[in-house]
1. Quick one: compute the contact order of the chain, relative version, from alpha carbon pairs under 8 angstrom and 6+ residues apart, as a percent.
2. For the chain, with a Gaussian network of springs between Cα atoms less than 10 Å apart, report the residue from 228, 265, 242 with the top mean-square fluctuation.
3. Once you keep just the Cα pairs under 8 angstrom separated by 6 or more residues, what percentage relative contact order results for segment 164-209?
4. Describe numerically, in nm with one decimal, the distance between label points set 7 Å from Cα along Cα→Cβ at residue 224 and at residue 244.
5. Under a point spin-label approximation (7 Å from Cα along Cα-to-Cβ), what is the residue 195-residue 155 distance to one decimal in nm?
6. Expressed as an acute angle from 0 to 90° and rounded to the nearest 10, what is the orientation of the C-alpha long axis of helix 14-23 relative to the principal long axis of the chain?
7. With axes computed from alpha carbons, what is the tilt in degrees of helix 250-259 against the longest principal axis of the chain, rounded to the nearest 10 within 0 to 90?
8. Kindly put 12, 88 in sequence by how many other C-beta atoms sit within 10 Å of each C-beta, fewest to most.
């Protein structure tokens, strides 16, 4: 077993991953900017990826670092995330870490990627630029209570008797349950088969965003919410509309929506050779998210 540092330990993914890693026998440091208020499992340590000088102590004696940080709520997120990834990779190398695990975004490199997905690719490269082997899991929408994409879906279905959706709602994606993401992340930590590799991860279903809204509505209300397609609804207008009817802010909504015009489907299933098991369906993921609150 290894000494593992989890960045973003209080976030949507991190707070679920830490206890699973501990149960697997790892010694876990939970990195946060506010260790004095951390009440989860593991050893709380101070660290801020945007302040490289704070990372040396957090990474001391760490074998594997799990990187779960991004800045979608910032207008300048590409620059901020690039600087943070470069600094973290350098600090991990200096500390003697043997693996960095990163949760990135699904999408083919040859496609015209959105700024969001383009930034995720850049982070993958920069994390490993100082020589530490990086294991990347590329996921599309992650479904679970507290996740931005799920909360946006849940609140849209809950708050609106009918929906007007733009043309990107017909784009296909492959949503994945947070439980499967955690299972895959834990499975590649300290796993020699996963060193230096990029894996695509996805759930059991390939759905358009429109179909996701309809399935979520059926699970939540027992019926499909009426949906009207509006081809002229721009990403900017969509982000304002989403911020008006949900708790997702305009900047985050715009950065998410900009990615929704690109089809993101899993085409490589090699992750199942390294971490066996069948992923949940979208309906099952929705049911679990609702049960969790």
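1. 19
2. 228
3. 68
4. 2.6
5. 4.4
6. Compared with the principal axis, the helix lies near 50 degrees.
7. 90
8. On the way: 12 19, 88 29.
With the fewest neighbours first, 12, 88 line up as 12, 88.
The numbers here are math on the coordinates, done by the rules we state, and not lab data. Keep in mind the model is a prediction, meaning the values are calculated, not measured. Note that we place each Cβ from the backbone using ideal geometry, even for glycine, and neighbour counts take in every protein chain shown.
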